[in-house]
Amino acid sequence: GAAVQRFLGPLLCLWALRLPAGTGAAARGLDVASYRERVRAMFYHAYEHYLESAFPYDELRPLTCDGQDTWGSFSLTLIDALDTLLILGNVSEFQRVVNVLQEGVDFDIDVNASVFETNIRVVGGLLSAHLLSRKAGVEVEAGWPCSGPLLRMAEEAARKLLPAFQTPTGMPYGTVNLLHGVNPGETPVTCTAGIGTFIVEFATLSHLTGDPVFEDVARKALKALWKNRSDIGLVGNHIDVITAKWVAQDAGIGAGVDSYFEYLVKGAILLQDKELMSMFLEYNKAIKNYTKFDDWYLWVQMYKGTVSMPVFQSLEAYWPGLQSLIGDVDNAMRTFLNYYTVWKQFGGLPEFYNIPQGYTVDKREGYPLRPELIESAMYLYRATRDPTLLELGRDAVESIEKISKVDCGFATIKDLRDHRLDNRMESFFLAETVKYLYLLFDPDNFIHNDGSDFDVVVTPYGECVLNAGGYIFNTEAHPIDPAALHCCRKHKEEQWEVEDLMREFYSRKKTKKFTLKRAPDHSEGEDAKDPKDASSEKAGEKRNSKKSSHSLLSCPSQSFNSKLAVLGQVFLDNT
């Protein structure tokens with residue numbers, strides 16, 4: 001209750017705090033501008049070699065200077081890198097890539113795709129690029145941001161994922177065939193993150209397109225996990241989506257679970273949803289009670305709370321950034337500093353690190369250029385301006401350049417002990433790692449906007465404010481403008497149409513009957529907002545809600561009288 005309200009207010013702008021210029025960085029003599037330019041050069045070294053040697057494949061193989069499909073044959077690195085181009089200020093290449101993707105990407109293919117990865121990389125990347133298109137100088141179509149080619153592509157990709165959610169529990173399968181749906185014999189065992197990491201992208205899609213199905217399935221999946229938590233408040237690692245039985249019962253904040261917690265917080269901020277935040281805060285209590293030891297987080301048995309693995313995983317390094325988003329900066333910094341000591345020990349974060357032994361775990365010594373620790377540094381630097389966070393950024397640039405850079409890009413580090421490399425450059429390197437590094441060293445980037453600068457856009461539904469800051473990064477670092485979710489509300493459209501009708505009424509005086517204009521195709525169906533959340537809408541939208549058996553939000557099926565009743569006044573057709 002009170003705690004949730006206390007958190008929700010400042011969340012949106014917490015990491016966009018502006019402290020006095022020059023705080024911290026100058027004190028340690030770190031040349032921020034110089035590192036920013038090195039990060040820019042890092043991006044182009046990788047990006048240009050992807051275009052030269054790997055496109056149209058998903059990913060670059062930097063040791064052999066060729067490409068490979070990894071997640072479904074979508075030219076994935078291009079989609080993942082698109083919004084990073086704009087953050088680096090390259091509008092011309094952004095515009096070129098938008099055209100390339102429209103012409104070249106096809107989702108109607110016989111490919112088995114990860115539901116989770118396709119959502120965070122493809123749907124998330126396309127939504128972000130769609131919402132940034134106007135800022136990048138793309139000539140957007142009438143009706144943007146409620147319509148547009150990239151939005152239609154994102155919707156098409158997301159629709160290919162919907163068959164995975166057709167389970168008795170509402171929790172999705174992990175894999176879907178983009179042409180045929182879920183394969184017969186597909187395993188029903190899915191990791192927790194693969195179930196709970198959809199609300200950011202799917203709610204955005206529902207709000208922009210007017211089709212509630214995306215947000216509905218994402219919420220149902222989130223709530224199914226919540227319902228199946230253990231008596232001590234923890235969730236495990238893998239669950240059977242048919243029976244809701246936990247298959248892997250290790251509870252922690254890392255691999256297999258991580259972005260479920262992240263999306264409860266980010267979904268709460270994006271949608272101003274107290275229920276999602278209260279769910280996270282309950283989990284947070286259980287996580288502190290059972291998994292936290294000396295500012296490290298261990299893995300425990302979900303029903304008993306007994307330690308099962310005293311291991312730190314590199315994927316857990318997102319946690320301090322998430323703590324900063326709920327205002328828990330002191331705890332976040334202490335945990336961040338623990339993780340930073342591991343980085344300094346190896347020049348990167350090994351996938352697994354045995355905490356009591358202080359060393360890597362067998363067969364988990366690699367560092368695939370993951371972004372999570374840098375991501376946390378970016379968030380925490382916005383909140384504190386502590387120069388230690390810039391030093392992590394410096395160390396990351398030096399390490400990646402020294403160990404990972406090869407002639408054709410940057411290679412995954414197979415073993416941090418001897419710096420052997422692997423022939424892979426994951427698309428998240430350009431989507432996340434480079435982006436968070438650049439934003440750490442670029443305090444004036446438009447992404448960090450504190451609301452003092454914004455655009456007013458006129459849509460068919462009224463005026464709306466965009467690009468005012470408070471961007472929510474999905475778990476692949478694709479920024480979503482939360483204000484965009486308020487641009488395509490159908491109640492605004494109805495209000496405009498009723499005003500037109502009123503003008504017509506008073507100008508003609510003798511009109512006997514009216515017909516309401518048909519809404520554009522993309523606004524068919526119910527508004528994406530959950531009906532139970534209607535209380536948070538303006539009073540005018542819920543007034544006289546009992547006068548019709550239909551939901552006031554399902555516009556196309558309503559009579560003319562009911563629609564006018566939304567605004568509190570009814571004119572009979574036979575007036």
- request: Inverting the mean 1/r over all pairs of different Cα atoms, compute the Kirkwood radius of the range 19-172 and quote it in Å.
  value: 17.4 Å
field: Per residue accessible area of the range 312-443, 1.4 Å probe, in Å²
entry: 29 Å²
task: For the range 89-232, take the alpha-carbon Rg, divide it by the Kirkwood Rh, and send me Rg/Rh.
output: 1.02
message: Can you tell me the length gained on complete extension of the stretch V91 to D328, counting 0.36 nm per residue apart and subtracting the Cα distance?
response: 81.7 nm
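Can you pull a Stokes-Einstein diffusion coefficient for the range 395-465 at 4 °C (1.567 mPa s), Rh from Kirkwood over Cα pairs, as a whole number of µm²/s?
On the way: Rh = 15.3 Å.
Translational D for this selection: 85 µm²/s.
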query: What is the Å³ per residue value for the convex hull set by the Cα atoms of the range 227-347?
result: 112 Å³
- prompt: At what distance in nm do the modelled label points of D231 and Q166 sit from each other, each positioned 7 Å from its Cα along Cα→Cβ?
  reply: 3.8 nm
query: What ranking do 265-274, 179-188, 159-168 get when scored by the average of other Cβ atoms within 10 Å per residue, highest first?
result: 265-274, 159-168, 179-188
query: For K304 and V458, what does the FRET efficiency come to when R0 = 45 Å and r is the distance between their Cβ atoms, rounded to the nearest 0.05?
result: 0.20
- prompt: Along the principal axes of its C-alpha atoms, what lengths does the range 60-142 span, in descending order and rounded to whole Å?
  reply: 35, 30, 22
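Would you mind estimating how fast the range 294-347 diffuses translationally, via Stokes-Einstein at 37 °C and 0.692 mPa s with the Kirkwood radius over Cα pairs, in µm²/s?
Working: Rh = 12.1 Å.
Result for D is 271 µm²/s.
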- request: Beta carbons within 10 angstrom, averaged per residue: use that to sort the peptides 452-463, 315-326, 341-352, 122-133, highest first.
  value: 122-133, 315-326, 341-352, 452-463
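Would you kindly state how much longer the chain becomes between L30 and Q68 on full extension, computed as 0.36 nm times their sequence separation minus their alpha carbon distance, in nm to one decimal?
On the way: separation 38, 0.36 × 38 = 13.68 nm, distance 3.83 nm.
Extra length available between L30 and Q68 comes to 9.8 nm.
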- prompt: What is the spread of the Cα atoms of the range 312-443 along each of their three principal axes, largest first, in whole Å?
  reply: 39, 36, 21
field: Ordering of 353-365, 283-295, 38-50 by packing [mean C-beta count within 10 Å, highest first]
entry: 38-50, 283-295, 353-365
- prompt: Which of the residue pairs K292/K344; K223/K274; K245/K266; K344/K402 have a Cα-Cα distance greater than 18 Å in the structure shown?
  reply: K292/K344; K245/K266
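Report the GluC sites (Glu not before Pro) located in the range 94-175 that are in a DSSP loop and have at most 10 other Cβ atoms inside 10 Å of their Cβ, or state none.
Details: sites: E103, E117, E139, E141, E155, E156; in loops: E139, E141.
Hits after loop and neighbour filter: E139.
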field: Paramagnetic label zone (point 7 Å from Cα along Cα-to-C-beta, K292; backbone N under 20 Å) in the range 227-242
entry: 230-236
- line: Contact order relative to length for the range 312-443, counting C-alpha pairs under 8 Å separated by 6 or more residues, stands in percent at 27 percent
query: Along the charge dipole of the range 37-174, which of Q95, C65, A142 sits closest to the positive end, that is, farthest toward it, with unit charges on the beta carbon of Lys, Arg, Asp and Glu (+1, +1, -1, -1)?
result: A142
statement: In whole percents, the bins of 10 Å from zero upward hold the Cα-Cα pairs of the range 168-238 as 19, 44, 31, 6, 0
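Ignoring ligands, DNA and RNA, please state the percent of accessible area on the range 312-443 from carbon and sulfur, probe 1.4 Å. Before the final figure, lay out the partial values.
On the way: 1690 of 3870 Å².
Here carbon and sulfur together make up 44 percent of the probe-accessible area.
Between beta-carbons, use under 14 Å as the cut-off and find the net charge around V361, counting Lys and Arg +1, Asp and Glu -1.
Values: positive: K363, R364, R417; negative: E316, E351, D362, E365, D415.
Every neighbour counted, the sum reads -2.
The values are calculated or read from the model by the stated rules, or taken from the named source; none is laboratory data. None of these values were measured; they are calculated from a predicted model. Methodologically, a virtual Cβ is constructed for each residue, glycine included, from the backbone with ideal geometry; neighbour enumeration extends over all protein chains shown. Surface areas here come from the heavy atoms of the whole protein model, side chains and all, with no ligands, DNA or RNA. Shrake-Rupley method; radii C 1.70, N 1.55, O 1.52, S 1.80 Å.
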